Amino acid sequence: MTRLFLLVAIGLTLVSTSVTAQTADAEHFWGQWRGPDATGVAPHGDPPTQWSETENIAWKVEIPGRGSASPVVWGDRVFLLTAVPVGEPVAMTTPDAAAEPPSVARGNGRRGRRGGRRPRAFRLHQFTVMAIDRATGEVAWQQIAREAVPHEGFQEANGTYASGSAVTDGEHLFAFFGSWGLYAYDLDGNLQWEVDLGTRRMRNAFGEGTTPALYGDTLVVTWDHIGGQSFIVALDKRTGAERWRANRDEIDTWATPLIVEHDGRAQVIAPAMDRVYGYDLETGEIVWQSRGTTMNAIPSPVYADGIVYVMSGYRGSNLQAIRLSDARGDIAGTDAIVWQLDRDTPYVPSPLLYDDALYVIKSNDGILSVFDPATGTPHYQLQRLEGVPNIFASPVGAAGRVYIAGRDGTTLVIAHGPRYEAVASNTLDDRFDASPAIVGDELYLRGARFLYKIAES
């Protein structure tokens, strides 16, 4: 019996050591699209401040197909998702995305319904997962998760069929292509499991783009659309088995859910147009709910010091700073909302929460406001960012600096702090919708054509 207890104790110690090591590794890598703490900050990062096509580019690799999925980095690999068109176009009848469909008033925005249907030509796509060697830029492995002709298009200005980013815990790589499946690989590219959650139909065929959230052994996916029942679902990361599912009366959410631990339990924070929800991670029960964001909930929440920040900015503006210790039941209009903002909030870019500063882009414009996250007091507001007039990527921070990538190919570097100070402006021959990733002294930028590794020469 003593020997049995000893073996159990050794086993538990090994598991505990493994989890601790994995957590320590996560701090040094970029395992999800908003970084190790889902705030946009690389706590151990210190990349260059200056680069060009001829300076501080360690390598530059052309990526096939089209995708705005941000790179994730673990160990010696960079992981990317892309959708590669192949073959001749196939004629299909799809919802007409050329015109605004009929709508009805709903919540804080307008709930759209599908308009007429029209024939369109779509090509077969290969939904592809890529692993790239960090040292050389060579493709370490590449897997086609699925080949399919998409059932609807996307918004041409910024859409792709690979907008959601991969997620990794250092053992598994999770690739979510929305209507075209959720896939789990080991880091050598071997498929472990796959799950088909159905077919999403988005208002105006704006395209899909949600990234799963990972916490412990649970993977959470939001599935909001106009083509059927919307829901949020929790899956076992090792098997793909469904743990719980909660239906939602919501449409077209792109925001990645945020999972945080509060008062000894994990909560899933899931913004949407009609409501912002806080779910218990273990049971799926709603712990609290607040008024919704604006229509097209895209920016992902951030969290620190007991407060979660939820925002959006399409057809209106909405920012809510919610103290989780006071959040129970319906919190709209209660003291659980510490402060709020009804102007100049982001449409696409997610906020950056860096120490005592919350960085918020206005709409998709190159205009920045920075707030004290505890009080909402502005450090500075409506600062125009020279050289980056249009922004879809989310800002990232490291080593006392903030990196803001623009759609026109320029990345602006500013000083982190209560006063605005431009440090450098760097232009490459590409355009950037994907958010940067920072690992150590390296910055990874995924453009419309190329993936760049930026490091001191």
Formal net charge of residues neighbouring THR199 (Cβ-Cβ distance under 12 Å; K, R +1; D, E -1): -1
At ARG431 and VAL149, where each label point lies 7 Å from the Cα along Cα→Cβ, what is the point-to-point distance in nanometres? 2.8
What net charge is computed for the residues neighbouring LEU341, neighbours being all others with C-beta under 14 Å from the C-beta of LEU341, Lys and Arg scored +1, Asp and Glu -1? 0
Cα shape, the range 361-402, gyration tensor, a/c 1.5 rule: oblate
Given charges at Cβ of Lys, Arg, Asp, Glu: the range 170-223 dipole, positive-most of THR199, VAL221, TRP180: THR199
Cut-off under 5 Å, modelled amide H: who pairs with VAL423 long-range: VAL413, ILE414, ALA415
Whole-angstrom gap from the range 421-440 to the range 70-92, using each part's C-alpha centre: 21
Summing -39500 (n - 2.57) over every DSSP H run of at least 4 in the chain, dividing by its residue total and rounding to the nearest 500, the 222 nm mean residue ellipticity is -2000 deg cm²/dmol
At 0.36 nm per residue, and after removing the present C-alpha to C-alpha distance, how many nm does the segment from ASP25 to ASP441 gain when stretched out fully? 148.2 nm
Can you give the charge dipole size of the range 316-457 about its Cα centre, rounded to the nearest 20 debye, using +1 on the beta carbon of Lys and Arg and -1 on the beta carbon of Asp and Glu? 240
Estimated distance in nm for a label pair at ARG328 and ARG123, the labels positioned 7 Å out from Cα along Cα-to-Cβ: 5.7
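Using the Cβ atoms and a cut-off under 15 Å, what net charge is assigned to the surroundings of ARG446, where Lys and Arg are +1 and Asp and Glu are -1?
Summing Lys/Arg as +1 and Asp/Glu as -1 gives +4.
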Packing-based exposure ordering (other Cβ within 10 Å, fewest first) of PHE122, PHE174: PHE122, PHE174
Under a 5 Å amide H to amide H cut-off, with H placed in plane at 1.01 Å, what residues pair with ILE259 once short-range neighbours are removed? ILE269
So, with points 7 Å from each Cα along the Cβ direction, the ALA415-GLU242 label distance in nm works out to 5.4
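Sort TRP339, TRP141, TRP30 so that the residue with the fewest other Cβ atoms within 10 Å of its own Cβ comes first and the one with the most comes last. Let's see the in-between values first.
Working: TRP339 18, TRP141 15, TRP30 27.
Result, fewest neighbours first: TRP141, TRP339, TRP30.
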Give, as ranges by residue number, the residues of the range 286-306 whose backbone N falls under 19 Å from the point 7 Å along Cα→Cβ of ARG265. 286-290, 306
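Antiparallel DSSP bridges in the chain: what percent, to the nearest 5?
Within the chain, antiparallel bridges account for around 95 percent of the total.
For a test of the definition: using alpha carbon positions, the gyration tensor, and the 1.5 limit on a/c, classify the chain as rounded, prolate or oblate.
Details: a/c = 1.06, a/b = 1.04, b/c = 1.01.
Since a/c stays below 1.5, the shape of the chain is classed as rounded.
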When the Cα centres of the range 239-286 and the range 343-379 are compared, how far apart do they sit, in Å? 24
THR136 to HIS44: extension gain in nm, 0.36 nm per residue of separation minus the Cα-Cα distance? 30.9 nm
Sequence-separation-based contact order of the chain, relative, with Cα cut under 8 Å and 6+ spacing, percent: 15
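A short reminder: the numbers here are calculations on the coordinates, not readings from a lab. Remember, it's a predicted structure, so these values are computed and weren't measured experimentally. All Cβ positions, even for glycine, are placed from backbone atoms using ideal geometry, and neighbour counts span all protein chains on display.
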